[in-house]
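Asker: Pasting in a structure now, in structure tokens, and then I'll have a few things to ask.
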Amino acid sequence: MRPVRRSWSLELSRFITQLAFPLACLLAFCTASYAQEEVDYARDVQPLLAKRCYSCHGPGDVESGLHIDTREGALAEADSGMAAIVPGEPDESEMLRRVLSTDDFERMPPEGKPLKSEEVALLRQWISEGAKWKKHWAFEKPEPQTPPEVQHPELVANPIDNFVLKRLETNGLQPNPRADRRTLIRRAYYDLTGLPPTYDEIEAFAADDSPQAYENLVDRLLASPQYGERWGRHWLDLVRFAETNSFERDGDKPDAWKYRDYVIRSFNDDKPYDQFLIEQLAGDEIPNPTPESIIATGYYRLGVWDDEPADPLQHEFDHYDDLVNTTGKAMLGLTINCARCHDHKIDPIPQTDYYEMVAFMRDVAPYGTRGDISNSRREITSPEVRKRHDEADEKIGRLQGELDEIYRQVVDKLPEGERNEARNPKKRRELEKRIGEFLPEQSKLYEELRQELRTARTEQEKLPQRQFAMAINKALNPPPETRLMMRGNPHVPGDEVKLGFPDIFEAPEPVIIPPAGGKTSGRRLALAKWIASDDNMLTSRVMANRLWQHHFGRGIVASTDNFGQLGSQPTHPKLLDWLAEQFVASGWSMKQLHKLIMMSNTYQMSSAGSEPALAKDPANNLLWRHDMRRLSAEEIYDSLLVANGSLNDKMFGPSYYPKVSDEVKAGQSQPGAGWHDSSEEERNRRAIYIFVKRSLIPPMLANYDFPETDALCPERFATTQPAQALGMLNGDFLNEQAKEFGDLLRKEAPGDLRQQIVLSLEKGLGRDATEADIQAGEDLIAKLKENHTLSDDRALDLYCLMVLNLNEFIFID
Amino acid sequence: MAHNNPPHGDFCGRTRREFLWETGGKFTGLALTAMLAKDGFMANQAQASEGEKTFQNPLAAKAPHFPAKAKNVIFLFMYGGPSHVDTFDYKPDLYPLDGKTIPVKTKGRGGAKSEGRVVGPKWKFKPYGESGQMVSDLFPHLGSCVDDIAFLKSMTAESPIHGSAMLNMNSGRILSGFPCMGSWVNYGLGSVNENLPGHVVMLDPTGGPISGAKNWSSGFMPATYQGSIFRSKGAPIIDLKPPQGITREMQRDILDTLKDSNDRHLASRVDNSDLAARIASYELAYKMQESAPEAVDFADETEDTIKLYGMDDPQTEEFGRRCLMARRLVQRGVRFVQLYSGGHHNDANWDAHGDLVKNHTYHAGRTDKPIAGLLKDLKRTGLLDDTLVIWGGEFGRQPTAEYAEGTGRDHNSYGFTMWMAGGGIKGGTTVGATDELGAEAVERPLKVKDMHATVLHQLGLDPNHLSYFYSGLDQKLTGVEHVEPIHEII
């Protein structure tokens, strides 16, 4: 920096011209961002500094004696003899002068485009307001929140509404009225179970004028087994659930489905969320592990695995990266993974934090080595069954030993030259028939022993089978040392790291208590208990936000896996903290949180548009209405099976394989490999039971944004693309479902076209047909028959196909 | 009601970045708006004029960062890894070493070795064209095109194993889950023909490459950008053809009823443009059913063209057909077309572990004339100016034998050859070199990301700025570090 002082008049003229425009911008943006008046360092300023300044004046970089990542550094005198920032004095602040400079040698930053005028205005305002450094909201512990007073308490059903209504009132907006009963029951059904209500259920609810009707509905749905199948799938998205390994062979992960079932059961049982996390992270280290808690550790085994890695060490650390990435984002809402190669560029997460997280999970070796997955396969047979198997094994071994002993005596009697051959099983069977020739006195005993052995084997076959889980097995104890890898390169180890929780939590040192039995180190249990503790400032907020996300289509923090400084700002920060508090206070009950959310008026609002509200808040950030949503891939799939009455509601067990056309299989290196046939009965099960093969996601799911399975998916896309329309019009699956639908209508209303159309909408859309609907259906069927000479049946099937393609079928209000 | 607002009603309709833009505070909002504008997102978000809402095609054409040399890419992927010393990388010193065991560092499927028995190149080389570049007798037809070709003779890959090396070549990473180059190109530029997919993959009849669809996946980007498989026989796109017995007219009647019903549903929900978009997408699908088969119908191609691609010869007919399809697709504005030579496993592709001569004679024999035909056809139609053609496998092959017997070569990611032509690439040039054995790149070693950077650059996209926000990071095809295109060939 060259300390050059310009004349005062020059300064002033620049000041005036530079200031006029930014102020206008700033004003405009104040309204757009809903009355957030003061500049917030963490939200507004720090990201800008990080992006444009830190590469030379940031953590670890002190060019020209200046670093502005701390207040101390920014206020200190730099090599130029001047301070970059003088709080309250923007015109005394060298930084502002330099970013405004029109001299190429002077202007900061030296690379890239100059700062935009609105960015400069921000800095100016921030410095004017005293250049306050503040922690990012998510890195402060949530404070107890009192629901705010509102002008219209009659619109409040529970405290959620206070928070939402307050913001609406401040911004001059009115909440939408309650949705009608028929809309509400469909919304509640899909949100909680992923399935539509039947026509009769809808009508009964619409007719039920008890004040408890809605609450009863919510309770009933929360208690239904289908709840776990819907909400379990949200969790599976987060933990990158799949049943194969990806890479060249994309081989199966045996027993992965048991993890899926564990998740569904946990949701259905309303397992406390803290326990749910602890089981997945340390189900083998908790006191008295159960088969379920062992299956839960399959969490560590769901990632991709290369059985033939080009660089095994790199692959090993990619495996740890997958664990840090998933755990950080899914459970803590933190991108700790960004600190693998260097300190996090935006959040205060040093590289050591990353490797400390690795150290907690360092005893989890990768999934396997080629041909050996014993690391990940663990026996979970019940003790009594196992005992009986052990006894049977012992008995069989003893009998076999006694037989062998007699046989050995036989062999000894053979001529030298024949003894070797006697080891051959075929030869042995032959000789066994002649025991009497060699050992007449033992011949009877031998036969008795053989009989006993046969019986013992048959008995063992009758025992319940041994059970295995995809889980943590053979955890490394003691865990290998963990070193910080320079630039993230595992071939360049740096200093050893100790165990510790990420700095931003300011948590006490971890206390590691090795579990009884001495098989594991206890590190993961310490990590699990810390993540799942009541006072972890992120865990409860992150999960409360996810529940909100799946009820409203987006989280209060939209970037549900990133609560850091590059994530989204919460639209309702106090509400989020309040929800998190309720969540913990309920003993981490997800079902209670669902109910709390669903009993609010906020959840029950209609989705109708309103002109003044659309003009003010088109994105509905303030929640003046409920957002419509497109159904997910699984919801569409399941709804098709519900409409035509073919859904098989069998729960749990190994996954099934839907039919996949040869064209799709042609994309595999060995077309058809690893894809099997399932019975029609199996194929009619819900989509959550479809086998998740990483390299072959069936188009019916892939087209509707089934997540990429190799890393966690915090929010799914909801794309609209012609491939969806092609599949829905021309694909085998849809045409088969349409025919099935036609068959059902023909069966229930034989020969009565009008009634068939009425039924099609009752079953497909859950509502009465209007005259226009009936007319449209009759016209189409008439055209298909008259103009295209189709049979009655074929015409009805195609009409059914049309119904299944309706927007109303795919979107809910 | 005119309001300049994003059309979607819920988060899932948007990328996280779009969402950030809407929900962000003052600065975040501004910064991201700028980024979005650069990436062309704002154009997608712009609302149509009041009343009538149109399909907001995420693949709508977008302006490049700077004037482009190329508009389209045809990537001829020689799956399995062709041997460079037997094709384009002439190593005269290697012939006399045939059968001798020499110290040489190699790493392949069979692990790392420090010595091996040399397999001398099995074909003669000769100079072609004005540039006099050397090409082996495996590619007599391609030889005649060398003045349009720039050879990259010092390519290196991050892995000598098929699965990860394939991902490296396609997506820049050896891990799966990242978008491939074709997805990046469509994300950056969109497609100028909205009746066809912008990113097309054509597979070998024996099957896909290892890891299948991972190679044309859009990774963490929306499925909109993933590759669509085009088949060279029958209906080119999955589910393009209506089921047996359904005519186009019937389908029209069904779609008309569908649209009327959807319009009635829309009437009270006009502010939700997702509904309108879905209505429009059915019309687009209907149009695609006509335009996609047309794109692959050769009825209007001359006899001469058919012959140029070798489609009159059973040996070259299949690959020639796909090359001609590729030309027709780029002609119609498809941005990125990838063709696989070889599929499945072992000798069904260029992976010559056993009998090198048999393997390469077969695969070169199937592709030499069609590829030369493609380059010549692109040139005579003027398309070569806008179309960047890339040739190469996921790695090359070692100078030494893999087994005690035979001519098979193991994988070599330390040095191999790729080439580019058209789209502003300087023909008749060569960059980089391997050592005298062809074992390792020694002069101007090039990484896969250098090749990727060059492709993006020729398309008018700055590889250091074409980014997609995911996992807390502005992800780029070429990774975190600054990259430059290969200046010698542009």
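Every number here is computed from the coordinates shown, using simple stated rules; none is lab data. Everything numeric in this text was worked out from a predicted model, so none of it was measured. Glycine gets a Cβ as well: all are built from the backbone with ideal geometry, and neighbour counts include every protein chain shown.
Asker: By how many degrees, 0 to 90 and rounded to 10, does the Cα axis of helix B:248-266 deviate from the longest principal axis of chain B?
Answerer: 50 degrees
Asker: Here's a follow-up. Among residues other than B:Gly198 whose Cβ falls under 12 Å from its Cβ, what is the net charge (Lys/Arg +1, Asp/Glu -1)? Before the final figure, lay out the partial values.
Answerer: Numbers: positive: B:Lys62, B:Lys71, B:Arg332, B:Arg335; negative: B:Glu194.
Result for the neighbourhood of B:Gly198: +3.
Asker: Next question, about the same structure. Among the trypsin sites (Lys or Arg not before Pro) within region B:176-277, which fall in a DSSP loop and have no more than 12 other Cβ atoms within 10 Å of their own Cβ? Kindly include the intermediate steps, with their values, before the conclusion.
Answerer: Working: sites: B:Lys214, B:Arg231, B:Lys233, B:Arg248, B:Arg252, B:Lys259, B:Arg264, B:Arg269; in loops: B:Arg231, B:Lys233.
Sites meeting the loop and neighbour criteria: B:Lys233.
Asker: Quick check: convex hull over the Cα atoms of chain B, volume per residue in Å³, rounded to an integer?
Answerer: Values: hull volume 72.5 nm³, N = 490.
Spread over its residues, the Cα hull of chain B gives 148 Å³ apiece.
Asker: At what distance in angstrom do the alpha carbon centres of region A:365-440 and region B:446-490 lie from each other?
Answerer: A separation of 62 Å, based on Cα centres.
Asker: Can you work out D for the protein assembly as shown in µm² s⁻¹ from Stokes-Einstein, where Rh is the Kirkwood radius over C-alpha pairs, the temperature is 37 °C and the viscosity is 0.692 mPa s? Kindly include the intermediate steps, with their values, before the conclusion.
Answerer: Values: Rh = 34.0 Å.
After rounding, the answer is 97 µm²/s.
Asker: Estimate the FRET efficiency between A:Thr789 and B:Ser144 by the formula 1/(1 + (r/R0)^6), using the beta-carbon distance for r and 45 Å for R0, to the nearest 0.05.
Answerer: Working: r = 57 Å, r/R0 = 1.26.
Working from the Cβ atoms, E equals 0.20.
Asker: Just counting partner chain Cβ atoms within 10 Å, what average do the residues of peptide A:399-410 show around their Cβ? Before the final figure, lay out each step's value.
Answerer: Numbers: counts 0, 0, 0, 0, 0, 0, 0, 0, 0, 0, 0, 0.
Counting Cβ atoms of other protein chains within 10 Å of each residue's Cβ and averaging gives 0.
Asker: With the dipole of region A:69-164 worked out from charges on the C-beta (+1 for Lys and Arg, -1 for Asp and Glu) around the Cα centre, which of A:Val99, A:Ala131, A:Ile160 lies farthest toward the positive end?
Answerer: A:Ile160
Asker: Now for a separate question. Enumerate by residue number the trypsin sites (Lys or Arg not before Pro) in region A:477-572 meeting two conditions: DSSP loop (anything except H, G, I, E, B), and at most 11 other Cβ atoms within 10 Å of the site's Cβ. List each step's numbers first, then the result.
Answerer: Details: sites: A:Arg483, A:Arg487, A:Lys498, A:Lys519, A:Arg523, A:Arg524, A:Lys529, A:Arg541, A:Arg546, A:Arg554; in loops: A:Lys498, A:Lys519, A:Arg554.
Filter output for region A:477-572: empty list.
Asker: I would also like to ask the following. List the lysines whose alpha-carbon lies under 20 Å from that of A:Lys462, not counting same-chain residues fewer than 8 positions away?
Answerer: Partners found: A:Lys387, A:Lys395.
Asker: Also: 222 nm [θ] for chain A, helices only, -39500 (n - 2.57) per DSSP H run of 4+, per residue, to 500?
Answerer: Numbers: 37 runs with 389 residues, N = 813.
That calculation yields -14500 deg cm²/dmol at 222 nm.
Asker: With everything on Cα atoms, drop me the angle between helix A:117-128 and the longest principal axis of chain A, reported from 0 to 90° to the nearest 10.
Answerer: 80 degrees
Asker: Follow-up question, since we're still on this one. For the pairs B:Lys91/B:Lys153; A:Lys659/A:Lys693; B:Lys153/B:Lys358, note any where the Cα-Cα span goes beyond 20 Å. List each step's numbers first, then the result.
Answerer: On the way: B:Lys91/B:Lys153 12 Å; A:Lys659/A:Lys693 13 Å; B:Lys153/B:Lys358 24 Å.
Going by Cα-Cα distance, B:Lys153/B:Lys358 fall outside the 20 Å limit.
Asker: Still on this structure, please answer the following. Ignoring GluC sites (Glu not before Pro) that are buried or in helix or strand per DSSP, and keeping those with at most 11 other beta carbon atoms within 10 Å, what is the longest stretch of chain A between them? Display every interim value, and only then the final one.
Answerer: Values: sites that count: A:Glu37, A:Glu38, A:Glu111, A:Glu149, A:Glu481, A:Glu506.
Looking at chain A, A:150-480 is the longest stretch - no exposed GluC sites (Glu not before Pro) with at most 11 other Cβ atoms within 10 Å.
Asker: To continue, here is another question. Rg and Dmax of region A:730-812, using alpha carbons, in Å: what are they?
Answerer: Using the Cα atoms of region A:730-812, the pair Rg, Dmax is 11.8, 36 Å.
Asker: Can you give the mean number of other chain Cβ atoms that lie within 10 Å of the Cβ atoms in peptide A:315-323?
Answerer: Details: counts 3, 0, 0, 2, 0, 0, 1, 2, 0.
Per-residue shielding by partner chains comes out at 1.
Asker: Here's a follow-up. If I take R0 = 41 Å and measure r between the Cβ atoms of B:Lys358 and A:Ala673 in this structure, what FRET efficiency does the formula 1/(1 + (r/R0)^6) give, to the nearest 0.05?
Answerer: It comes out at approximately 0.95.
Asker: Provide the FRET efficiency to the nearest 0.05 for the A:Glu111-A:Cys341 pair, computing r from the beta carbons and using R0 = 25 Å. List each step's numbers first, then the result.
Answerer: Details: r = 21 Å, r/R0 = 0.85.
Working from the Cβ atoms, E equals 0.70.
Asker: Go through region A:301-401 and name the trypsin sites (Lys or Arg not before Pro) that are in a DSSP coil and have 16 or fewer other Cβ atoms within 10 Å of their Cβ. Kindly include the intermediate steps, with their values, before the conclusion.
Answerer: On the way: sites: A:Arg301, A:Lys329, A:Arg340, A:Lys345, A:Arg362, A:Arg370, A:Arg377, A:Arg378, A:Arg386, A:Lys387, A:Arg388, A:Lys395, A:Arg398; in loops: A:Arg340, A:Lys345, A:Arg362, A:Arg370.
Here the sparse-neighbourhood loop sites are A:Arg370.
Asker: Here's another thing I want to ask about it. Along Cα→Cβ, 7 Å out, is where each label goes; now give me the distance between the ones at B:Ile102 and A:Asn216 in nm to one decimal.
Answerer: The answer from the label model is 8.9 nm.
Asker: A further question follows. Excluding residues on the same chain fewer than 8 positions from A:Lys166, give the lysines whose Cα lies under 19 Å from its Cα.
Answerer: Filter leaves A:Lys574, A:Lys616.
Asker: Explain nothing, just the number: dipole magnitude of the protein assembly as shown about its Cα centre with +1 on each Lys and Arg Cβ and -1 on each Asp and Glu Cβ, in debye rounded to the nearest 20. Display every interim value, and only then the final one.
Answerer: Values: 152 positive and 193 negative charges, 284 e Å.
Around 1360 debye, computed over the protein assembly as shown.
Asker: I'd like the antiparallel share, as a percent to the nearest 5, of DSSP beta bridges with both residues in the protein assembly as shown. Can you show the working numbers first?
Answerer: Details: 41 of 66 bridges.
Percentage antiparallel, nearest 5: 60.
Asker: In which sequence would A:Cys800, A:Cys56 go, from the one with the fewest C-beta neighbours within 10 Å to the one with the most?
Answerer: On the way: A:Cys800 29, A:Cys56 17.
The order, fewest Cβ neighbours first, is A:Cys56, A:Cys800.
Asker: A follow-up question, please. Which of the listed residues, B:His363, B:Ala441, B:Thr407, is farthest toward the dipole's positive end in region B:356-442, when Lys, Arg count +1 and Asp, Glu count -1 at the beta-carbon?
Answerer: Checking the options against the dipole of region B:356-442, the answer is B:His363.
Asker: Among the lysines, which have Cα under 30 Å from the Cα of A:Lys783 when same-chain residues fewer than 8 positions away are ignored?
Answerer: Here the lysines satisfying the reach criterion relative to A:Lys783 are A:Lys739, A:Lys747, A:Lys763, B:Lys53, B:Lys241, B:Lys259, B:Lys287.
Asker: Also, quick follow-up: Based on Cβ point charges of +1 for Lys and Arg and -1 for Asp and Glu, what charge dipole magnitude is obtained for region A:456-527 about its Cα centre, in debye rounded to the nearest 20?
Answerer: The calculation lands at about 440 debye.
Asker: I've got another one for you. Tell me which of B:Asn186, B:Met169, B:His199 sits at the most positive position along the dipole axis of region B:117-214, charges placed on C-beta atoms (Lys, Arg +1; Asp, Glu -1).
Answerer: In region B:117-214, that residue is B:Met169.
Asker: In percent, what relative contact order does region A:381-466 have, based on Cα pairs under 8 Å that are 6 or more apart in sequence?
Answerer: Working: 43 pairs, mean separation 45.1, N = 86.
Averaging sequence separation for qualifying contacts and normalising by length gives 52 percent for region A:381-466.
Asker: Can you compute the modelled spin-label distance between A:Ala204 and A:Ser533, with each label point 7 Å from Cα toward Cβ, in nm?
Answerer: The two pseudo-label positions are separated by 4.8 nm.
Asker: Taking K and R as +1 and D and E as -1, what net charge do the other residues with C-beta under 12 Å from the C-beta of A:Ile68 add up to?
Answerer: Values: positive: A:Arg52, A:Arg71, A:Arg98; negative: A:Asp61, A:Glu63, A:Asp69, A:Glu72, A:Glu94.
Its environment carries a net charge of -2.
Asker: Taking only the alpha-carbon atoms of region A:381-466, what semi-axes of the equivalent ellipsoid follow from 5 times the gyration tensor eigenvalues under a square root, in whole Å, largest first?
Answerer: 31, 13, 10
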